[in-house]
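The values are calculated or read from the model by the stated rules, or taken from the named source; none is laboratory data. Nothing here was measured: the structure is a model prediction, and the numbers come from that model. Here the Cβ is made from the backbone with ideal geometry for all residues, glycine too, and neighbour counts use every protein chain on show.
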Amino acid sequence: MFLNKRTQKRRSLYYYLPVVDQGTSALLGRIGDITSEGALLLTHAELAVGQQIDIAISLPSDLKLGTKELCLNATVQWTSPDVNPDITLVGCRFSEVSPKAQRIIAALVDAIGFAGDNGPRAMET
């Protein structure tokens, strides 16, 4: 069973931003939620718990964050099937997040993050 070791509340975003593998440029999936510590990746790829992945998150150009992508190293913490059987939910923990990357993530969440604690799923009830 997965134990929640997060120290920050994950924030869902209005957009599912694309995530690519830095080495191959192949689309890995999309970001479901994010903090400066980690993210939820919605993916079709087969990723294993403990796997190290180098990702690049495509950033919206209209936010003027000073870069078009955010490159991070992450470790897969857990995987779980989504309600859509074609998608796997993958919890990732970032390693060595620079102060610049932390500022970009904070600006991203401020600009396109849901204000409430429950994200988009709360609107479904």
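Return the residues of the stretch 13-27 that are part of a strand (DSSP E or B) and surrounded by fewer than 21 Cβ atoms within 10 Å (Cβ to Cβ); say none if nothing qualifies.
Result: 18, 20, 21, 27.
Considering only the stretch 86-95, I want to know if a residue exists there that is charged (D, E, K, R) and modelled with pLDDT under 95.
At the first step, the residues of the stretch 86-95 found to be charged (D, E, K, R) are 86, 93.
With modelled with pLDDT under 95 added as a condition, the list becomes 86.
Checked against the condition, which is being charged (D, E, K, R) and modelled with pLDDT under 95, the stretch 86-95 yields at least one hit.
Counting just the residues of the stretch 74-116 that are surrounded by 17 or more Cβ atoms within 10 Å (Cβ to Cβ), free of Cβ contacts under 8 Å to residues at least 40 places away in the same chain and of a type in the set (A, V, I, L, M), which one comes out nearest to residue 47 (Cα to Cα)?
Once the filter is applied, the top-ranked residue is 76.
Check whether at least one residue in the stretch 68-84 is in contact with a helix residue (DSSP H, G or I) (Cβ under 6 Å, 6 or more places away or on another chain) and not in a helix (DSSP H, G or I), and report yes or no.
Keep residues of the stretch 68-84 that are in contact with a helix residue (DSSP H, G or I) (Cβ under 6 Å, 6 or more places away or on another chain), which gives 70.
The next check asks that each one be not in a helix (DSSP H, G or I); those that pass are 70.
Yes, the stretch 68-84 has at least one match.
Just to verify a result, which residue in the stretch 48-65, among those that are assigned to a loop (DSSP other than H, G, I, E, B) and in contact with a Leu (Cβ under 9 Å, 6 or more places away or on another chain), is surrounded by the fewest Cβ atoms within 10 Å (Cβ to Cβ)? Explain how you work it out, then say what you get.
If we filter the stretch 48-65 for residues that are assigned to a loop (DSSP other than H, G, I, E, B), which is where we start, we get 48-51, 59-60, 64-65.
Add one more test, that the residue is in contact with a Leu (Cβ under 9 Å, 6 or more places away or on another chain), and what stays is 59-60, 65.
Values: 59: 21, 60: 15, 65: 17.
So, considering only residues that are assigned to a loop (DSSP other than H, G, I, E, B) and in contact with a Leu (Cβ under 9 Å, 6 or more places away or on another chain), the one surrounded by the fewest Cβ atoms within 10 Å (Cβ to Cβ) is 60.
Residue 61: in contact with an Asp or Glu (Cβ under 8 Å, 6 or more places away or on another chain), of a type in the set (Gly, Ala, Ser) and modelled with pLDDT under 90, yes or no? First the steps, then the outcome.
Values: in contact with an Asp or Glu (Cβ under 8 Å, 6 or more places away or on another chain): no; of a type in the set (Gly, Ala, Ser): yes; modelled with pLDDT under 90: yes.
Criteria not met by residue 61.
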